[in-house]
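Have a look at the structure below, then the notes.
The values are calculated or read from the model by the stated rules, or taken from the named source; none is laboratory data. Here the structure is a predicted model, which means the values were calculated and not measured. Because the Cβ atoms are built from the backbone with ideal geometry, glycine has one as well, and the counts that use them run over all protein chains shown. Just the protein is used for accessible areas: all its heavy atoms, side chains included, with ligands, DNA and RNA removed. Shrake-Rupley method; radii C 1.70, N 1.55, O 1.52, S 1.80 Å.
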Amino acid sequence: VEAVRNFVVVGHGVDPEGDFTLNDLCGGAGRLDVLLRCVSTAFFLSHGIRKDVELFLVLGRGPKTVRFRAEEMRYVNPDERSTGALVRNALLKRLDGTGEKQSSPGIHVSRRSFEEVVSQLPSPIWLAEDGEPWDQVLPEVAKGPGGPRDLTFVLSDHHDFSKGEEAVLHKLQARRVSLGPASLHSNHCITLVHYLLDRERAPGP
Ligand SMILES: C[S@@+](CC[C@H](N)C(=O)[O-])C[C@H]1O[C@@H](n2cnc3c(N)ncnc32)[C@H](O)[C@@H]1O
């Protein structure tokens, strides 16, 4: 069994009730395009999908969380618009209470907050430009006594984390890790994380 790679991406501008049009993903939808690129980057390979991945889109204006689970996913394609439609359908789903509902195979929606989501995931790693170097931290956290550990990478969208979100990450003692000095797009960070962990798993050229 491979270690699971969880990604938590916080979107600060997206309407949590799905009140936006798919014709304006980069504008009126609150930069949902940024989050959708994270979805396709996290799951899709050239010919296939990564089965060992779970991704949580947490909407800061919620609380609302859309969870994608690779093993159950159907009808998810790499393009932004069709994934945008699946996210919108999830947000439009009626929710009573705090439980999770499935809106399409492998896509689940709930009123869970950032804190509720991250506190239930293993080994949170807060990706930040000015964090500790990856090469120093990852060997420490990625391997447990029984083999590779499940990890959780937490990133923000085009905005910084809010003060409240930062407080949650401090409270949960998330390690702050940098992928280098440049400020990268969220989905590019996901590509690098996959690359670095893949290389660890099967050192190659
Ligand atoms: C586009 S960046 C955030 C933008 C920037 N903080 C700003 O407001 O101009 C999106 C997210 O990617 C992650 N990120 C970007 N560059 C990174 C790097 N060099 N190392 C680690 N994480 C990075 C961080 O989690 C960041 O919140």
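Things worth noting here:
- Qualifying residues in the range 93-116 (those that are in contact (Cβ under 8 Å) with a residue 40 or more places away in the chain and among the polar types (S, T, N, Q)) - the one surrounded by the fewest Cβ atoms within 10 Å (Cβ to Cβ): 113
- Count of the range 153-167 residues which are part of a helix (DSSP H, G or I), open to solvent by less than 90 Å² (accessible area, probe 1.4 Å) and not aliphatic (A, V, I, L, M): 3
- Flag for residue 170 being at pLDDT 95 or above, within 11 Å of the ligand (Cβ to nearest atom) and not in a loop (DSSP other than H, G, I, E, B): no
- All conditions but one from (1) open to solvent by 60 Å² or more (accessible area, probe 1.4 Å); (2) over 15 Å from residue 8 (Cα atoms); (3) touching a residue at least 40 places away in the same chain (Cβ under 8 Å); (4) away from the ligand (no atom under 15 Å from the Cβ) apply to residue 150; the one that does not is (2).
- Residues within the range 168-186 that are on the phi > 0 side of the Ramachandran plot and either of a type in the set (Val, Ile, Thr) or loosely packed, with under 11 Cβ neighbours inside 10 Å (or both), tallied: 1
- Test for residue 104: is it under 28 Å from residue 202 (Cβ atoms), touching a helix residue (DSSP H, G or I) at 6+ places or on another chain (Cβ under 7 Å) and away from the ligand (no atom under 13 Å from the Cβ): no
- Within the range 121-147, the residues that satisfy the criterion of being loosely packed, with under 13 Cβ neighbours inside 10 Å and within 12 Å of the ligand (Cβ to nearest atom) are 130, 133.
- Of all residues in the range 189-205, exactly one satisfies the criterion of being touching a helix residue (DSSP H, G or I) at 6+ places or on another chain (Cβ under 8 Å) and either closer than 13 Å to residue 9 by Cβ or within 11 Å of the ligand (Cβ to nearest atom) (or both), namely 190.
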